[in-house]
Amino acid sequence: MTAETQTVATTSSLTRTMNIVVAKSAIDAATDKRLQRMAKTVKVDGFRPGKVPLAKVKQMYGGQASWEALNDQVGEEFAKKATEENLRVAGMPNIEPEDDGSADQLTFKATFEVYPEIADVELKGVEIEEAKCEVTDADVTRTLDVLRQQRVHYHTVDKAAAKEDQVTIDFEGQIDGTAFAGGSATDYPFVLGQGRMLPEFETAIEGLKAGESRTFDLPFPEDYHGKYVAGKTAQFTVTVKSVGQAHLPELNSEFAKSLGVVDGDVEKMKLDIKTNLEREIAQRTKAMTKNNVMDTLIKTASFEVPAALVNEDIERLQEGAKNDLRQRGIPVDDKMALPVELFKDRAERRVRLGLLIAEIVKKHDLRATADQVKAQVEQIAAAYEDPQGFVKWYMTDANRMAEVEAVVMEDNVVAWVKAQAKVTTKDIAFEELMNQNR
């Protein structure tokens, strides 16, 4: 027998301890086997592969082999005992050596958490708010206006500059008679009213025509991003080089073609826009309803969450935040530790929901079916030019399919919760829904 364990002890609702006793002779035997395997492949100068003397291998790798053998023995015994006791271990155990004074055995104490017992969720009488939104012709018109604004162009005109005009200017700023960095530019274009410049700067330009100049004082705010000028007053001289008036593209076949409608059919363009808006609205209302359901589940179910799982998720969120910063071009040191407090609440919510959803899926058999997964992929594919090609490509990747299965499973849980609870409908205006999270 390689090891002996004592009965698992309960120290709190989720925390358990287990003593593991490992015979040193078993560790020595496992170490020797590991060294013999290493001797067949290890490379050492002066020896052919497989011909390195075992004594030499032991001299070089004995410590490593012994450590690995010990870890394996303790880990295997821990897993064996956990299985025998029907323990659902949450996270990695913390295993520490203990000195029992024995010359022929090693003793360890494993401290770990188990998954909580989650009671049935009682949803009778609980109210769930379901978001609803209809896409109207006015919404399509507003969207077309936005698309036209995105394609605006400017024609040079002989007029005084006003809001929404594009001006090209030369300017020079001084503080106490001295020019300062960033205070001067030549042929600088911007649109009045878009907030790219300080309001006082834009106001001074309004009313000027091409070739006209103006000198004015401009007080910089105390919290201005430029520390050198923050809280100070500068004197600017501005000369308008040109004034451009906005021209929006007409709603014609050329505009339709620019949006991907090959034959330039304007009505087809409007129908495509409405279809895309309905798809977007459906996704957003579904997400809002799902979030309401998840909030309700968290409020309804009460159980303790294993700290080990929360800490693991905090680490994942920290790493994700670092990757996000890197993608934004911000250099991040791999060893930099982001504050745990920034992620703790989110991690606990994610873990709690994960445990709760898994329990509901198990108890009520809400796993994703093959037909549901395929339908979900086809729904995603509908937004692409070649839906069938997209479906074939998407379904060849196991990771992508696993993500879809998880989404479908959560949708099944949402449907189950709605069937148990009292559902009320909340109508949300198109603009309100589209402006969320912006």
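The values are calculated or read from the model by the stated rules, or taken from the named source; none is laboratory data. Quantities reported herein were computed from a predicted structural model and do not represent experimental measurements. Methodologically, a virtual Cβ is constructed for each residue, glycine included, from the backbone with ideal geometry; neighbour enumeration extends over all protein chains shown.
Below is a table of values for the structure above.
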item	result
Boolean, Tyr224 is assigned to a loop (DSSP other than H, G, I, E, B), within 39 Å of the chain's Cα centre (by Cα), surrounded by 13 or more Cβ atoms within 10 Å (Cβ to Cβ) and of a type in the set (Phe, Trp, Tyr)	yes
Only listed residue being of a type in the set (Gly, Ala, Ser) and in contact with a strand residue (DSSP E or B) (Cβ under 9 Å, 6 or more places away or on another chain), chosen from Ala138, Ala131, Ala69	Ala131
So Glu129, is it of a type in the set (Asp, Glu) and within 37 Å of the chain's Cα centre (by Cα)	yes
Cross-chain or 6+ apart pairs with Cβ under 9 Å, segment 266-282 first and more than 21 Å from Asp427 (Cβ to Cβ), then loosely packed, with under 14 Cβ neighbours inside 10 Å and charged (D, E, K, R)	Lys270/Asp137
Per-region count, segment 98-144, residues among the basic types (Lys, Arg) and farther than 30 Å from Leu277 by Cα	2
Index of the failed condition, Gly195 passing every other in (1) touching a residue at least 24 places away in the same chain (Cβ under 8 Å); (2) under 34 Å from the mean Cα position of the chain (by Cα)	(1)
Segment 1-41, residues that are touching a helix residue (DSSP H, G or I) at 6+ places or on another chain (Cβ under 7 Å), at pLDDT 90 or above and either closer than 16 Å to Thr83 by Cα or outside the structural domain of Glu96 (by TED's automatic domain parsing) (or both)	Met18, Ile20
All helices (runs of 4 or more DSSP H) inside segment 283-393 with 3 or more residues being under 26 Å from Thr111 (Cβ atoms) and charged (D, E, K, R)	307-327, 344-364
Residues satisfying the stated conditions in segment 2-60, i.e. closer than 30 Å to Glu304 by Cα, in a loop (DSSP other than H, G, I, E, B) and among the small types (Gly, Ala, Ser)	Ser12, Ser13
Some residue of segment 183-193 being part of a loop (DSSP other than H, G, I, E, B) and either over 30 Å from Val152 (Cβ atoms) or not assigned by TED's automatic domain parsing to the domain that holds Lys268 (or both)	yes
Meets criteria (surrounded by 18 or more Cβ atoms within 10 Å (Cβ to Cβ) and in contact with a helix residue (DSSP H, G or I) (Cβ under 9 Å, 6 or more places away or on another chain)) for Ala161	yes
Single condition Ala90 does not satisfy, out of (1) in a helix (DSSP H, G or I); (2) touching a residue at least 24 places away in the same chain (Cβ under 8 Å)	(1)
Any hit, segment 353-372, residues being farther than 28 Å from Tyr115 by Cα, surrounded by 14 or more Cβ atoms within 10 Å (Cβ to Cβ) and in the same structural domain as Lys418 (by TED's automatic domain parsing)	yes
Selection within segment 248-272 - surrounded by 13 or more Cβ atoms within 10 Å (Cβ to Cβ) and either part of a helix (DSSP H, G or I) or touching a strand residue (DSSP E or B) at 6+ places or on another chain (Cβ under 6 Å) (or both)	Ser253, Phe255, Ala256, Lys257, Ser258, Val266, Lys268, Met269, Lys270, Leu271, Asp272
Residues that are farther than 16 Å from Gln283 by Cα, of a type in the set (Val, Ile, Thr) and surrounded by 11 or more Cβ atoms within 10 Å (Cβ to Cβ), drawn from segment 412-424	Val413, Val417, Val423
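Results for (1) aliphatic (A, V, I, L, M); (2) touching a Phe, Trp or Tyr at 6+ places or on another chain (Cβ under 9 Å); (3) within 30 Å of Ala358 (Cβ to Cβ), shown as yes or no for each residue.
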| site | (1), (2), (3) |
| --- | --- |
| Met18 | yes, yes, yes |
| Val22 | yes, yes, no |
| Arg88 | no, yes, yes |
| Glu96 | no, yes, no |
| Gly101 | no, no, no |
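For every residue, the table says whether it meets (1) among the small types (Gly, Ala, Ser); (2) assigned to a helix (DSSP H, G or I); (3) crowded, with 16+ Cβ neighbours inside 10 Å; (4) not assigned by TED's automatic domain parsing to the domain that holds Glu359.
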{"site": "Ala69", "(1), (2), (3), (4)": "yes, yes, yes, yes"}
{"site": "Ala82", "(1), (2), (3), (4)": "yes, yes, yes, yes"}
{"site": "Asn86", "(1), (2), (3), (4)": "no, no, no, yes"}
{"site": "Gly101", "(1), (2), (3), (4)": "yes, no, no, yes"}
